[in-house]
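Engineer: My questions all concern the structure below.
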Amino acid sequence: MADNRPDRPVLVVSACLLGRPCTYRGDANRRDPVAALADRFELVAVCPEEAGGLATPRPAAELGADGRVRTADGDDVTDAFERGAEVAVRVARGRGAVGAVLKGRSPSCGCHGVYDGTFTRTLVAGEGITAAALRSAGVPVVDEDDVAAGRLPGAGT
């Protein structure tokens, strides 16, 4: 069981990586290496898409080259993604987070690459709306693959 001492550093974590069923499909993307960080950090779960007002489940969305997030049907959901990013930044600042662990490849949380907006599963370099907002706010971000490789936010990543 994780120790809940108040002196542990805080990490904001994509809620799906901790087992919450909040992905666009209504599933979770639990990653044991991320959940295991609770031994050393206080983990604060955030789902930016839900925080921005999107339902679960919801249509898949991708971040286009124009910086807009759209569903395959062409619905522009950028505003909801931006609202969710603002919530994540407020949570990170309010809790004094030392970093964030985000879901890779997501149009919200991807921090190294995102799907390109063509819905062909084509990855391009770049970051999602929340990852960019957190970085701009000075919060270091990594994804679940970084954690599995032993790289933590603010530790030279």
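The values are calculated or read from the model by the stated rules, or taken from the named source; none is laboratory data. Computed from a predicted model, the values in this text were never measured in an experiment. Cβ placement follows ideal geometry from the backbone for every residue including glycine, while neighbour counts extend to all protein chains displayed. Accessible surface areas use protein heavy atoms only, side chains included; no ligands, DNA or RNA. Shrake-Rupley method; radii C 1.70, N 1.55, O 1.52, S 1.80 Å.
Engineer: Kirkwood hydrodynamic radius, computed over distinct alpha-carbon pairs, for the range 13-101: how many Å, to one decimal? Before the final figure, lay out each step's value.
Structural biologist: On the way: mean 1/r = 0.0725 Å⁻¹.
Here the Kirkwood hydrodynamic radius works out to 13.8 Å.
Engineer: Compute the Kirkwood hydrodynamic radius of the range 6-157, taking the inverse of the mean of 1/r over all pairs of distinct Cα atoms, and give it in Å to one decimal.
Structural biologist: Details: mean 1/r = 0.0666 Å⁻¹.
Averaging 1/r across every pair of different Cα atoms and inverting gives 15.0 Å.
Engineer: Do any trypsin sites (Lys or Arg not before Pro) in the range 59-120 lie in a loop, going by DSSP, with at most 15 other beta-carbon atoms within 10 Å of their beta carbon, and if so which?
Structural biologist: Qualifying residues, ordered by number: none.
Engineer: In addition: Could you work out Rg/(2.2 N^0.38 Å) for the range 42-81, with Rg from alpha carbons only?
Structural biologist: Details: Rg = 11.4 Å, N = 40, 2.2 N^0.38 = 8.9 Å.
Here the answer is 1.28, to two decimals.
Engineer: Rounded to the nearest 5, what is the percent of antiparallel bridges among the DSSP beta bridges in the chain? Walk me through the numbers on the way to the answer.
Structural biologist: Details: 7 of 19 bridges.
Within the chain, antiparallel bridges account for around 35 percent of the total.
Engineer: What Kirkwood hydrodynamic radius do you get for the range 88-157 when you take the inverse of the mean 1/r over all pairs of distinct Cα atoms, in Å? Walk me through the intermediate numbers first.
Structural biologist: On the way: mean 1/r = 0.0824 Å⁻¹.
For the range 88-157, the Kirkwood estimate is 12.1 Å.
Engineer: Using modelled backbone amide H atoms (1.01 Å from N, in-plane), which distant-in-sequence or interchain residues come within less than 5 Å of His112's amide H?
Structural biologist: Correct list: Arg105.
Engineer: A follow-up question, please. Compute the long axis of helix 78-95 from its Cα atoms, compare it with the longest principal axis of the Cα atoms of the chain, and write down the angle in degrees, 0 to 90, nearest 10.
Structural biologist: 10
Engineer: Summing -39500 (n - 2.57) over the DSSP H runs of n ≥ 4 in the chain and dividing by its residue number, what mean residue ellipticity at 222 nm do you reach, to the nearest 500 deg cm²/dmol?
Structural biologist: On the way: 5 runs with 39 residues, N = 157.
Helices in the chain give a 222 nm mean residue ellipticity of -6500 deg cm²/dmol.
Engineer: Further question on the same structure: Across all directions of projection, what mean area in square nanometres is found for the Cα convex hull of the range 117-157?
Structural biologist: On the way: hull surface 14.3 nm².
Value for the range 117-157: 3.6 nm².
Engineer: OK, next. Compute the accessible area per residue over the range 22-137, keeping the other protein chains in place, probe 1.4 Å, unit Å². Numbers along the way, then the final one.
Structural biologist: Numbers: 5570 Å² over 116 residues.
I get 48 Å² per residue for this part.
Engineer: Roughly to the nearest percent, how much of the accessible area of the chain is carbon and sulfur, given a 1.4 Å probe?
Structural biologist: On the way: 3780 of 7610 Å².
Here it works out to 50 percent.
Engineer: Can you give the FRET efficiency for Arg40 and Ala65, using 1/(1 + (r/R0)^6), R0 = 30 Å, r = Cβ-Cβ distance, to the nearest 0.05? Write out the running numbers ahead of the final one.
Structural biologist: On the way: r = 38 Å, r/R0 = 1.27.
Between Arg40 and Ala65 the formula returns 0.20.
Engineer: Still on this model: Once the Cα atoms of the range 80-129 are picked out, what are the Rg and Dmax in Å?
Structural biologist: 12.2, 38
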